[in-house]
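Throughout, read-outs are computed from the coordinates displayed, never taken from laboratory work. These numbers were taken from a predicted model, which means no experiment stands behind them. Please note: Cβ atoms are built from the backbone with ideal geometry, for glycine as well, and neighbour counts cover all protein chains shown.
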Amino acid sequence: MIDLHAHTTASDGSDTPTDLVGNAVSAGLQTLAITDHDTTGGWQEAGAAVARLDVPFTLIRGTEFSCIYDDGDEQISLHLLGYLFDPEAAALKAERARLRESRLGRGEAIVDALVAAGYPISWQQVIDIAGGGAVGRPHIGQALVQAGVVDSVTDAFAHLLSSSSPYYVPKREMPVELAIELIRQAGGVPVIAHPWARRRGRILDEAALRSLVEPGLLGIEVDHLDHAPDDRARLAELADELGLLRTGSSDYHGTRKKVGLGSDTTSPEALERLLGLASGIDTVRSPVTG
Ligand code: AMP
Ligand code: ZN
Ligand code: FE
Ligand code: FE
């Protein structure tokens, strides 16, 4: 089984990179991508964990970039997965740092608004929960759980943390066309993440998705928890028509989201194509071959 989208404590997942690798093996995965938000911070630890495994396993190093699409009159937030890009490519590296920096001020602004409304959490608490990882709303959700305000992070997203909440504050996002170009320049493979996750807010329509082929998009994450069956079917057709890779993934966040590793998967054929398109860095393989 192949799962190409998972988060760790380097961003808003609850597993350390070491635990993620162990849990991936336990879940029966042979290939896993680590894709923390706006950071490569978990790559080294995950790679070291894979080097210690005694079963065949392949790690794909990636990042989920916070992006924006401007359709002329409206700005739509979206996520772009980048796989196997050179982490030292300067422009992309600088942009990751800016995206993470912006998450700090924005997280504090959301917490300030919640505190002003009487919710008993603090910014220091959120910083402690994030533990040095890229700060995100799930960390604030965890603080709300600790404070007894909600039962789960998912419940926190239903109202308090949703993008339509009065407490919502946007963060920096990079123009998706630029992100695609920079990932390609760094030898990576850009794949649009959960493009039709409708409950998160406005989504890109088909014309917008088509427009991303020209800047260099290479794939669409078709099979994802947030996609309804008819949307998966249409996205699969669209990917085939546009000659794009089709991926499927869990978007695992450990205990911060109710989804297990391998809940959606990518075909071996799509993985082969992805590996053939990448020229930035290699995969990390365990010392045991299958
Ligand atoms: P942020 O990056 O700070 O804007 O927070 C977005 C993150 O929250 C994404 O990684 C999502 O996976 C996560 N998220 C979005 N909706 C939910 C939800 N309903 N339950 C749990 N996590 C969510
Ligand atoms: Zn996340
Ligand atoms: Fe995402
Ligand atoms: Fe994700």
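Using only C-alpha atoms and all pairs of different ones, pull out the Kirkwood radius for the stretch 59-101 in Å with one decimal.
Value: 11.8 Å, from the Cα pair sum.
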Handout entry: Rule-of-thumb Rg ratio for the stretch 142-290 [Cα; 2.2 N^0.38 Å; N residues]
Key = 1.19
Completion exercise
Most exposed to least, judged by fewest other Cβ atoms within 10 Å, 273, 199, 246 sort to 199, 273, 246
Handout entry: Mean ellipticity per residue at 222 nm, deg cm²/dmol - from DSSP H runs of n ≥ 4 across the chain, formula -39500 (n - 2.57)
Key = -11500 deg cm²/dmol
Completion exercise
All alpha-carbon distances of the chain, grouped into 5 Å bins from 0, give the whole-percent distribution 1, 6, 12, 17, 19, 18, 14, 8, 4, 1, 0, 0
Fill in the blank from the handout: For the stretch 68-162, the percent of all C-alpha pairs falling in each 10 Å bin, from 0 up to the bin holding the max distance, is 14, 38, 30, 16, 2
Practice task
Could you calculate, for the stretch 1-132, the ratio of the Cα radius of gyration to the Kirkwood radius, expressed as Rg to Rh?
Solution key: 1.03
Exercise for the section: For the stretch 226-290, count the residues as N, evaluate 2.2 N^0.38 Å, and divide the Cα radius of gyration by that value, please. Expected result: 1.36
Problem - Furthest towards positive pole of dipole, 176, 66, 152, structure part the chain, Cβ charges - result: 152
Completion exercise
Descending packing, highest mean Cβ count within 10 Å first, for 248-255, 233-240 is 248-255, 233-240
Exercise for the section: Quickly work out the residue 26-to-residue 169 label distance, labels modelled 7 Å from Cα along the C-beta direction, and quote it in nm with one decimal. Expected result: 3.7
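Among DSSP bridges having both ends in the chain, what percentage is antiparallel? Round to the nearest 5.
45
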Exercise for the section: Just order 71-80, 6-15 by mean Cβ neighbour count inside 10 Å, highest at the front, would you? Expected result: 6-15, 71-80
Practice task
Using only alpha carbon pairs under 8 Å that are at least six residues apart, calculate the relative contact order of the chain and give it in whole percent.
Solution key: 27
Problem - Positive-pole candidate from 225, 248, 266, dipole of the stretch 169-280, charges at beta carbon - result: 225
Exercise for the section: Using θ = phi - 60° and the Karplus relation 6.51 cos²θ - 1.76 cosθ + 1.60, list the HN-Hα couplings for the stretch 94-109 in order, rounded to whole Hz, with x at every Gly or Pro. Expected result: 5, 5, 4, 4, 5, 5, 5, 4, 5, 4, 5, x, 5, x, 5, 5
Fill in the blank from the handout: For the stretch 152-212, Rg(Cα) over 2.2 N^0.38 Å is 1.40
Handout entry: For the stretch 219-234, Karplus couplings with θ = phi - 60° (6.51, -1.76, 1.60), whole Hz, Gly/Pro x
Key = x, 10, 7, 8, 8, 8, 3, 7, 9, 6, x, 6, 5, 4, 4, 5
Exercise for the section: Let me know the whole percent of all Cα-Cα pairs from the stretch 116-187 that are separated by more than 20 Å. Expected result: 41
Exercise for the section: Using θ = phi - 60° and the Karplus relation 6.51 cos²θ - 1.76 cosθ + 1.60, list the HN-Hα couplings for the stretch 258-265 in order, rounded to whole Hz, with x at every Gly or Pro. Expected result: 8, 9, x, 4, x, 5, 10, 9
